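Take a look at the structure set out below.
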Amino acid sequence: ETGVTQTPRHLVMGMTNKKSLKCEQHLGHNAMYWYKQSAKKPLELMFVYSLEERVENNSVPSRFSPECPNSSHLFLHLHTLQPEDSALYLCASSQEDYGQRQPYGYTFGSGTRLTVV
Amino acid sequence: GQQVMQIPQYQHVQEGEDFTTYCNSSTTLSNIQWYKQRPGGHPVFLIQLVKSGEVKKQKRLTFQFGEAKKNSSLHITATQTTDVGTYFCAVPSPQGLSFGAGTTVTVRA
């Protein structure tokens, strides 16, 4: 497999359920991200893992919990979600050049379409 | 994070015509990136601009970074049905890329 792979592609869950989204990148990148894309809203950056360390984002509710066990894998654990959390959740990776701060383009996965009922 | 305004929000184009979408910031940008998201798809990286006044071309797409590095534009010539989708600009923020709201392009054949 190449690029960034996300599973599942679609997920329907009840408000009391616990589920996890998985992301795997095969590009050798050193940074991974979770974005939320809702209808009529810009892409919202939720979490960043850079060199496997999480960059804090205090604006995301605690019902979303990220996990990055290694540089190739990223999870988003979900529990007691609300209907307004229904959205497309996108994972992305990039190669950060910390020495020169030269940015590179992000590679996105196909996303998980989440519906909370 | 960094805020960027994209205009227009929607662009309805007759096939064969040209159009331009703009991205504006109130502060000076170190760089700007452009992405395209096809309907039902995910954002795909198109290009990055770093230098003041920089112009880059990809076939019918022309990307420009303003002299003051506060704005950028994407110009598409001779629009085709394959150009349908949403075009986003993205700028760096302390945590990661911050995306504009996007310009959604539809094409009339």
* Structure fact -> Surrounding charge for A:P8, neighbours by C-beta under 11 angstrom, Lys/Arg +1, Asp/Glu -1, total +4
* What dipole magnitude, in Debye to the nearest 20, does the protein assembly as shown give about its Cα centre under +1 on Lys/Arg Cβ and -1 on Asp/Glu Cβ? -> 340
* Heavy atoms only, probe 1.4 angstrom, no DNA, RNA or ligands counted: give me A:L11, A:L21 ranked by accessible area, highest first. => A:L11, A:L21
* In Å, what Rg and Dmax follow from the Cα atoms of the stretch A:1-81? -> 12.9, 36
* Would you rank A:R9, B:R60 by solvent-accessible area, highest first, keeping every protein chain in place and using a 1.4 Å probe? => A:R9, B:R60
* Structure fact -> For the stretch B:36-109, whose charge dipole is built from +1 on Lys and Arg Cβ atoms and -1 on Asp and Glu Cβ atoms, the candidate among B:A78, B:T104, B:C89 with its Cα farthest towards the positive end is B:A78
* Structure fact -> SASA check, B:K51, accessible area w/ 1.4 Å probe, all protein chains in place, rounded to nearest 10 Å², comes out at 140
* Asked: If you roll a 1.4 Å probe over the stretch A:1-112 with all protein chains in place, what percent of the accessible area is carbon or sulfur?
  -> 47
* Among A:E24, A:E96, A:E84, which one shows the biggest mean-square fluctuation in a GNM of chain A, springs joining Cα atoms closer than 10 Å? -> A:E84
* Asked: How large is the charge dipole for the stretch A:41-84, taken about the Cα centre, if only the Cβ atoms of Lys, Arg (+1) and Asp, Glu (-1) carry charge, to the nearest 20 debye?
  -> 120
* Structure fact -> Surrounding charge for B:Q58, neighbours by C-beta under 14 angstrom, Lys/Arg +1, Asp/Glu -1, total +3
* Structure fact -> chymotrypsin sites (Phe, Trp or Tyr not before Pro) in the stretch A:11-117 lying in a DSSP loop, each with at most 15 other Cβ atoms within 10 Å of its Cβ, come to A:Y98, A:Y104
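Once you charge only the Cβ atoms, +1 for Lys and Arg and -1 for Asp and Glu, what is the size of the charge dipole of chain A about its Cα centre, to the nearest 20 debye?
That gives a dipole near 480 debye.
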* Asked: P(r) of chain B in 10 Å steps, Cα pairs, percent per bin?
  -> 16, 50, 29, 5, 0
* Area of A:K41 that stays accessible when all protein chains are in place (1.4 Å probe, Å², to 10) -> 110
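The values are calculated or read from the model by the stated rules, or taken from the named source; none is laboratory data. This is a predicted model, so every value here is computed, not measured. In this analysis, Cβ positions are derived from the backbone assuming ideal geometry, glycine residues included, and neighbour counts consider all displayed protein chains. Note: accessible area is taken over every heavy atom of the protein model, side chains too, but ligands, DNA and RNA are not part of it. Shrake-Rupley method; radii C 1.70, N 1.55, O 1.52, S 1.80 Å.
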